[in-house]
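S.K.: One structure, as structure tokens, below. Some questions next.
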Amino acid sequence: MLLRLFLQHQIGRTLPSMQALDISGWNQLNLQCALTLHLNLFPSGKTCFATIGENYDQQRGSGRNLNSTQTSPLIARSCHKFSLDVTSAKTSFYKEKLETSAQDPRKLHNIFSSLLNPPAPPSPSSLTAEDFASFYTEKIERICQTFTSLPTSPTSHNQHSATPSLMQLSTVAAEEVLQITWSCNPTTCPLDPIPSAMLQTISPDLLPFITTVINGSLTSGHIPTAFKKARVIPILKKPALDPSDISNYRPVSLLSFLSKILERVVCNQLSDYLMQNNLHDPNQSGFKAAHSTETALLAVTEKLHAARSAKLSSVLILLDLSAAFDTVNHKTLLSTLRSLGICGTAWEWFASYLDGRSYQVTWKGLTSAPRRLSTGVPQGSVLGPLLFSLYTHSLGKVISSHGFSYHCYADDTQLIFSFPPSDTTASARISACLADISSWMTAHQLKLNPSKTELLIIPGDPSPAQDLAISLSNSMISPTASARNLGVTMDNQLSFSSHVTNVTRSCRFLLYNIRRIWPFLSTQATQVLVQSLVISRLDYCNSLLAGLPLNAIRPLQMIQNAAARLVFKLPKFSHTTPLLRSLHWLPVAARIRFKTLMLAYKAKNGPAPSYLKALVTSRTAPRLLRSTSTARLVPPSLREKDEAGKGLLVKVYSCYNKMAKGRAGWEDRNLNKKENKDEPINGIEKQDENHKEQWT
């Protein structure tokens, strides 16, 4: 009864008959359970429930009945003290959990989800580990059986004599191995003898042995068999799906920690070789330095805006592949590596990396028998995405031969085709390009998924929307009003209104969930949680929203205002300007402008993708002028300005040149501070303050 009373008090409910309760009627067992619970939570000191227990024993031993008038204040004070202690313990617990994982968004999200929704007991299911292993193996076999012909492997004698070569992988020093070990994410695999975090801690003592194993593999061109094994764990794709349906589970592959260190060493050397010899596909942004989903989407939207400014209609096709990483043909991949100049011991290392791989499925504490992998590159590995991008290197030539533009991010391929609105052959040309792409996919044992391939038609303003009938693998692809592309919802008007709506909805749901544990969070813990889960969503690919009117991004600003009020636990209509300043949060419009300027600066001066550097050009004067030191950009053409200022060059030009001019004036003013001490420059003082606020 006491325990039930406390629980009802904790959730904000009060028993109607609380004042009339008689302690003499309480069960001694219930009292002892509540006392034990309280002592386990707060073992130090003499607690309020211990006092109740002593008073109860004294009154019971004397044979006296306790009056409700005497016991009600004691119960109220005890429950209040107990509630405060539990709330304090919860606050300390949540604060420690959230602040220790502040730098790891994935871990923070998992902790947040576990605090809100404790794991439910496993649902009854008759599935076994062998069932999952058989299902995954048969799925790949069914896809491979649909290919009627094997790919023709290019031979080494087709290479030009001037092609660079990588014959031997270089050995690495112990210091480099230690740095890679510490930089790797310490994910523990069941195949690891000790936890990865512990291995990182004691890695200086084991460094000579780890370095010997890695260098021995690089020089011999052979990988230890233990590094070729993987452990697969099925995870339900969505909580609402039927757990008894085996197709609703996603396989998650786990590799040993030492194998990832070896792969990271080889990946660094292979990436340097490809970059030095310009062998990378410039339109592939997946898993490359200074590249991201945001830069890939900027490249695509810039082409669409440029076509629209030229009064051309455009088609954006988002291709989808079925089990792309799992169906890679090893012979074709090795032939592709040889055509890129990888030979000798280096080629033998990659052949050993692909040969003899196996996996086992772990489910409910049981492990299936090993299954051999004859195709595919291992998912969850370091080298897998890079090898897949090299495997699809020749696809770009097929797409470009039809006059299409393209951009890839790992296995996500986007096709862009622009044409005059009066062109009646556009549908046939698109179908012909997709047919050649399908033939290339079949030759390389990759399967297109027509049911998940999406088509967007961006009409040339003010031309009416066109209805194109596109065929792909005996299926018709119908245009859609919006489609999800790399986490951003794009619409056929490039207004991103659907994206703003989706981001607003997801952020409101997150704020609602944070508010559920809000009484137990400190201000600092709430700020960490809001910044990691909500503000990060507002900032994701927000440079695509540059040039939109303020009323289009107003819902995002309202989300930021609500987040600031939640951090400081203020009511709904509190003024947010001082709150944002205290949190050092720029408003949404300023965050978009800051991101755009940062990308322009990197494209002009720092590391950036080549397709972004081509959009930003520094202005060079034929003779020395005062404006030469301002490092301004070349202004866009009048045609580009007609597209409502939505192109990247148009977005950047005005803000960047104003910033450069203001910075130059600020520097000149500091140099001549003494001379201009009593002569303020018109407009500079206010402009300096604005620029400082934007960059702080």
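S.K.: Within the stretch 589-621, track down each residue that is crowded, with 19+ Cβ neighbours inside 10 Å and more than 23 Å from the chain's Cα centre (by Cα).
M.R.: 615, 616, listed by residue number.
For (1) touching a helix residue (DSSP H, G or I) at 6+ places or on another chain (Cβ under 7 Å); (2) modelled with pLDDT under 90, each residue gets a yes or a no:
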| site | (1), (2) |
| --- | --- |
| 434 | no, no |
| 437 | yes, no |
| 444 | yes, no |
| 450 | no, yes |
| 462 | no, yes |
| 472 | yes, yes |
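S.K.: Pick from 496, 509: which is on the phi > 0 side of the Ramachandran plot and not hydroxyl-bearing (Ser, Thr, Tyr)?
M.R.: Of the residues listed, the single one that is on the phi > 0 side of the Ramachandran plot and not hydroxyl-bearing (Ser, Thr, Tyr) is 496.
S.K.: Between a residue in the stretch 358-386 that is over 20 Å from residue 257 (Cα atoms) and assigned to a loop (DSSP other than H, G, I, E, B) and any residue that is charged (D, E, K, R) and open to solvent by less than 60 Å² (accessible area, probe 1.4 Å), which pairs come within a Cβ distance under 6 Å, given they are 6 or more apart or on different chains?
M.R.: Correct list of pairs: 376/326.
S.K.: Okay, moving on. Inside the stretch 109-163, can you point out the residues that are open to solvent by 40 Å² or more (accessible area, probe 1.4 Å) and at pLDDT 80 or above?
M.R.: 126, 128, 130, 131, 135, 138, 139, 141, 142, 145, 146
S.K.: Right, something else. Going through 69, 87, 91 one at a time, which residue ends up being modelled with pLDDT under 75 and among the β-branched types (Val, Ile, Thr)?
M.R.: None of the others qualify; the one that does is 69.
S.K.: Please determine whether any residue of the stretch 483-493 is touching a residue at least 40 places away in the same chain (Cβ under 8 Å), in a strand (DSSP E or B), open to solvent by 40 Å² or more (accessible area, probe 1.4 Å) and among the charged types (D, E, K, R).
M.R.: No, there is no match, as no residue in the stretch 483-493 is touching a residue at least 40 places away in the same chain (Cβ under 8 Å), in a strand (DSSP E or B), open to solvent by 40 Å² or more (accessible area, probe 1.4 Å) and among the charged types (D, E, K, R).
S.K.: Still on this structure: Being out of contact with any Gly (no Cβ under 9 Å at 6 or more places or on another chain) and at pLDDT below 90: is that true of residue 583 here?
M.R.: no
S.K.: Take the residues in the stretch 557-583 that are exposed (fewer than 15 other Cβ atoms within 10 Å of the Cβ) and of a type in the set (Ser, Thr, Tyr); name whichever of them is farthest from the chain's Cα centre (by Cα).
M.R.: 574
S.K.: Write out, first by first residue and then by second, each pair whose Cβ atoms fall under 7 Å of each other, whose residues are 6+ apart or on separate chains, and whose first residue, in the stretch 187-204, is closer than 20 Å to residue 233 by Cβ and without any contact (Cβ under 8 Å) to a residue 40 or more places away in the chain while the second is of a type outside the set (Val, Ile, Thr) and assigned to a loop (DSSP other than H, G, I, E, B).
M.R.: 197/186
S.K.: Right, here's the next one. Name the residues in the stretch 467-479 that are outside any strand (DSSP E or B) and open to solvent by 50 Å² or more (accessible area, probe 1.4 Å), would you?
M.R.: Scanning the stretch 467-479 gives 467, 469, 473, 474, 478.
S.K.: Any idea how many residues of the stretch 205-249 are without any contact (Cβ under 8 Å) to a residue 60 or more places away in the chain and in contact with a Pro (Cβ under 7 Å, 6 or more places away or on another chain)?
M.R.: 1
S.K.: May I ask you to list the residues in the stretch 243-275 that are open to solvent by less than 20 Å² (accessible area, probe 1.4 Å), in a helix (DSSP H, G or I) and among the hydroxyl-bearing types (Ser, Thr, Tyr)?
M.R.: Across the stretch 243-275, the qualifying residues are 259, 273.
S.K.: For the stretch 286-308, how many residues are within 24 Å of residue 455 (Cβ to Cβ), open to solvent by 30 Å² or more (accessible area, probe 1.4 Å) and of a type in the set (A, V, I, L, M, F, W, C)?
M.R.: 1
S.K.: So in the stretch 403-422, with the set limited to residues that are free of Cβ contacts under 8 Å to residues at least 60 places away in the same chain and surrounded by fewer than 16 Cβ atoms within 10 Å (Cβ to Cβ), which one is nearest to residue 326 (Cα to Cα)?
M.R.: Restricting to residues being free of Cβ contacts under 8 Å to residues at least 60 places away in the same chain and surrounded by fewer than 16 Cβ atoms within 10 Å (Cβ to Cβ), the top hit is 403.
S.K.: Name the residue, out of 311, 331, that is surrounded by fewer than 20 Cβ atoms within 10 Å (Cβ to Cβ), in contact (Cβ under 8 Å) with a residue 12 or more places away in the chain and in contact with a Ser or Thr (Cβ under 6 Å, 6 or more places away or on another chain).
M.R.: It is 331.
S.K.: Let me ask something else about it. Which residue is farthest from residue 224 (Cα to Cα), if the candidates are limited to the stretch 195-210 and must be under 26 Å from the mean Cα position of the chain (by Cα) and open to solvent by 20 Å² or more (accessible area, probe 1.4 Å)?
M.R.: 197
S.K.: Let me ask something additional. Within the stretch 512-538, track down each residue that is assigned to a helix (DSSP H, G or I), surrounded by 18 or more Cβ atoms within 10 Å (Cβ to Cβ) and not polar (S, T, N, Q).
M.R.: 514, 520, 525, 528, 529, 530, 533, 534, 535, 537, 538
S.K.: Which of the residues belonging to the stretch 540-556 are open to solvent by less than 40 Å² (accessible area, probe 1.4 Å) and in a helix (DSSP H, G or I)?
M.R.: 542, 543, 544, 545, 552, 553, 556, listed by residue number.
S.K.: Looking for something over 14 Å from residue 407 (Cβ atoms), open to solvent by less than 10 Å² (accessible area, probe 1.4 Å) and assigned to a helix (DSSP H, G or I) - is there at least one such residue anywhere in the stretch 318-327?
M.R.: There is at least one residue in the stretch 318-327 that is over 14 Å from residue 407 (Cβ atoms), open to solvent by less than 10 Å² (accessible area, probe 1.4 Å) and assigned to a helix (DSSP H, G or I).
S.K.: Between a first residue in the stretch 81-95 that is under 12 Å from residue 520 (Cβ atoms) and a second residue that is among the aromatic types (Phe, Trp, Tyr), which pairs have beta carbons less than 6 Å apart while being 6 or more apart in sequence or on different chains?
M.R.: 90/520; 91/520; 94/520
The values are calculated or read from the model by the stated rules, or taken from the named source; none is laboratory data. All values derive from a computational prediction rather than experimental measurement. Using ideal geometry, Cβ is built from the backbone for each residue, glycine included, and neighbour counts are taken over all protein chains shown. Side chains included, ligands, DNA and RNA excluded: accessible areas come from the protein's heavy atoms. Shrake-Rupley method; radii C 1.70, N 1.55, O 1.52, S 1.80 Å.
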